[in-house]
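The values are calculated or read from the model by the stated rules, or taken from the named source; none is laboratory data. Small disclaimer: the values here were computed from a predicted structure and weren't measured. Positions of Cβ are backbone-derived with ideal geometry, glycine not excepted, and every protein chain shown enters the neighbour counts.
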Amino acid sequence: MTIPYYEVHAFTDRLFGGNPAGICILEEWLPHELMQRIAAENNLPETAFFIDRGGFSDIRWLSPAAEIDLCGHATIGSAHVLFQHLGRGGNSLKFQSRSDELRVDRVGNRLVLDFPSRLANRCDPPPLLAESLGAQPVEVYKNRDYIVVFERQEDVAGLRPDFAQVSKLAEVQGVVVTAPGHDCDFVSRYFAPRVAVPEDPVTGSTHCALIPYWSKRPGKTELRARQLSARGGELFCEDRGERVGIGGNAVTYTEGKLYLPDD
C-alpha cells in the first residue's frame, strides 16, 4: 500500500522556516495505531491525514505522541497541497474535523484559516508554572493551554524552560508565552512536551486564544504576529468575533510516497 505524502513548511515564505507538517492523503481512514506510528516515524510537530470527499475533506492531526484536537499549520499545509499539487480550483476549501467545520481561503499568495475563537479565562497559576519557565509572568489565562503574558518581547525570547517540569502540568496540553512585539502586534512561543513537541515552531491553534486577547489591547481587529522559535514564523491575524482569521504562506519541501504493508 502506498500513500501520497508531502512535507510543507507553513507560516513562512522560505524553506527551513515556519513549521514543518507531514501531509498524508488517504482514501479511507487507517487504523489509529498505524496513523500514530506514521506520525511518530515522521517525527514532525504534526502530521495531517486527510480524505478528499469532493466538496470537503475530512482531516485529522497527530503529533508524534497523540492525536490533536486542532492544528493550524498542518491545515494550511493540507490546503497548500490541495491547491498547488492536486489542482483544486476556487479560492476556498472546507475541512471537517474534531473541532467542527474549518475553512481555508486563498487570498493572494496567502492561505487564511477560519478557525473558532477560544477565549481563555484568567486564573491563579500553580507555582510549578513559573518554576518550569524560570520567570514570573504578569498574567496567566487558561483554556486548552496556559496563556502566560509577559511585559516585553525580550522576556519571551529569553525563556529557557525546563521541559521535564512543563510536562508535569497535566491539566493542560501546553504553555503559550506571549508579549507585545517590537515590529508586530504580539509575539509568542509554545511549549508542549506532553505531546512530544517540546517547542512548536509556529502554532496556528494557539492564536485562537491569542487573537481575541491581543485585539482588545490595541483596540483593533487586524494584527500581525510572530512566533519566536528558532525557525520563526509570521501570522496575519483577524478577530472575527466567534471566529478568527489566521493567515500565512506555505512552501513545499518534500513530495513522495509512504510504503506500508497491506495488512
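If only one of E46, E41 is over 21 Å from G248 (Cα atoms) and either surrounded by fewer than 18 Cβ atoms within 10 Å (Cβ to Cβ) or under 13 Å from the mean Cα position of the chain (by Cα) (or both), which one is it? It would help to see each step written out before you state the result.
Numbers: E46 fails: over 21 Å from G248 (Cα atoms).
Testing whether each residue is over 21 Å from G248 (Cα atoms) and either surrounded by fewer than 18 Cβ atoms within 10 Å (Cβ to Cβ) or under 13 Å from the mean Cα position of the chain (by Cα) (or both) leaves just E41.
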Worksheet item: So which residues in the range 241-263 are more than 24 Å from Y6 (Cβ to Cβ) and loosely packed, with under 15 Cβ neighbours inside 10 Å?
Response: G241, E242, D263
Item to complete: Name the residue, out of S167, S117, S132, S97, that is surrounded by fewer than 17 Cβ atoms within 10 Å (Cβ to Cβ), at pLDDT 95 or above and among the hydroxyl-bearing types (S, T, Y).
Response: S117
Worksheet entry | The lone exception for T252 - which of (1) over 25 Å from D100 (Cα atoms); (2) without any contact (Cβ under 8 Å) to a residue 60 or more places away in the chain; (3) not aromatic (F, W, Y) it fails | (2)
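Which one is surrounded by the most Cβ atoms within 10 Å (Cβ to Cβ) among residues in the range 1-38 that are under 20 Å from the mean Cα position of the chain (by Cα) and acidic (D, E)? Spell out the reasoning first.
Just the residues of the range 1-38 that are under 20 Å from the mean Cα position of the chain (by Cα), to begin with: 5-25, 35-36, 38.
Imposing the further condition that a residue be acidic (D, E) reduces the set to 7, 13.
On the way: E7: 17, D13: 14.
Per the criteria, the residue is E7.
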Worksheet entry | Hits in the range 90-102 - residues which are within 20 Å of D239 (Cα to Cα) and under 15 Å from the mean Cα position of the chain (by Cα) | S99, L102
Worksheet item: In the range 139-169, what residues are β-branched (V, I, T) and under 17 Å from D185 (Cβ atoms)?
Response: I147, V149, V156
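Residue by residue, here is whether (1) in the same structural domain as G22 (by TED's automatic domain parsing); (2) surrounded by fewer than 22 Cβ atoms within 10 Å (Cβ to Cβ); (3) part of a helix (DSSP H, G or I) holds:
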residue	(1), (2), (3)
V81	yes, no, yes
L86	yes, yes, no
V104	yes, no, no
P125	no, yes, no
Q136	no, yes, no
V148	no, no, no
E151	no, yes, no
P161	no, yes, no
Discussion item. Which count do you get for residues in the range 18-53 that are within 12 Å of V8 (Cβ to Cβ) and of a type in the set (G, A, S)?
Written reply: 4
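Specify which of the listed residues (A179, A225, A209, A192) is at negative phi, touching a His at 6+ places or on another chain (Cβ under 9 Å) and crowded, with 18+ Cβ neighbours inside 10 Å. Break it down stepwise before answering.
Details: A179 fails: touching a His at 6+ places or on another chain (Cβ under 9 Å); A209 fails: touching a His at 6+ places or on another chain (Cβ under 9 Å); A192 fails: touching a His at 6+ places or on another chain (Cβ under 9 Å).
After ruling out the rest, the residue left standing is A225.
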Discussion item. Residue under question is I68, and the condition is that it be touching a residue at least 60 places away in the same chain (Cβ under 8 Å), out of contact with any helix residue (DSSP H, G or I) (no Cβ under 6 Å at 6 or more places or on another chain) and under 17 Å from L260 (Cβ atoms); does it hold?
Written reply: no
